[in-house]
Amino acid sequence: MNRKTFPLFFCLILLLLLPSGVYAQVEARIRIIEASNAGPSIDPALRDVHDQLGSLFNFSSYRLLKDIRLNLLGNRPVEVPLYKGRSMQVTLVGEYRNMIELRIRMTREGAPVLNTQVRLTSGRTILIGGPRHEGGVLICALSSKF
């Protein structure tokens, strides 16, 4: 590679690694799960994430409370009501070749309780441990296909 082609090659590599400015619509799924030790039961709708739940959390019972489908567009936040004054805001902030980057903000009665960014590959699920809920906690299972 000579001196004249190196800057062009370097710029091309940067463009491939940076998120694109044009975002496609991405379908996301958020499942709100109640985890507790109230008996050994698993909601049939959660069979696909049961192993993940068991490896990350120490509860014997998992029950699906809500199953929400979202259509996300770049840098446009979508507000999701969770439970009893709690909400989650999900924003598509980056799109890469085989993954997306989401900003997740959770609030309780308007006050921020979580502000993070996650990268998600198509078909995978990320679990976010949430606030206490009755005899256990709420867990958010976030997945997407694109």
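The values are calculated or read from the model by the stated rules, or taken from the named source; none is laboratory data. Quantities reported herein were computed from a predicted structural model and do not represent experimental measurements. Cβ coordinates were reconstructed from backbone atoms using ideal geometry, including for glycine residues, and neighbour counts include every protein chain displayed.
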Practice problem: Output the residue which, of all residues in the stretch 124-146 that are surrounded by fewer than 16 Cβ atoms within 10 Å (Cβ to Cβ) and at pLDDT below 90, is nearest to Gln52 (Cα to Cα). | Solution: Gly129
Quiz item: Among (1) under 12 Å from the mean Cα position of the chain (by Cα); (2) closer than 19 Å to Lys145 by Cβ; (3) free of Cβ contacts under 8 Å to residues at least 24 places away in the same chain, which single condition is Val78 missing?
Solution: (1)
Self-check item: Unmet criterion (only one of (1) under 18 Å from Gly129 (Cβ atoms); (2) in a helix (DSSP H, G or I); (3) more than 17 Å from the chain's Cα centre (by Cα)) for Asn58
Solution: (2)
Quiz item: Take the residues of the stretch 53-83 that are at pLDDT 90 or above and among the hydroxyl-bearing types (Ser, Thr, Tyr): which is surrounded by the most Cβ atoms within 10 Å (Cβ to Cβ)?
Solution: Tyr62
Practice problem: Name every residue in the stretch 90-123 that is touching a Phe, Trp or Tyr at 6+ places or on another chain (Cβ under 8 Å) and surrounded by 16 or more Cβ atoms within 10 Å (Cβ to Cβ), in order of residue number. | Solution: Leu92, Glu95, Ile100
Exercise. State whether the residues of the stretch 130-138 include one that is in contact (Cβ under 8 Å) with a residue 60 or more places away in the chain and among the β-branched types (Val, Ile, Thr).
Key: yes
Exercise. Read through the list (1) surrounded by 17 or more Cβ atoms within 10 Å (Cβ to Cβ); (2) among the charged types (D, E, K, R); (3) at pLDDT 95 or above, then give the number of the only condition that Arg86 fails.
Key: (3)
Practice problem: Determine if the stretch 90-98 includes at least one residue that is under 16 Å from Cys140 (Cβ atoms) and over 17 Å from the mean Cα position of the chain (by Cα). | Solution: no
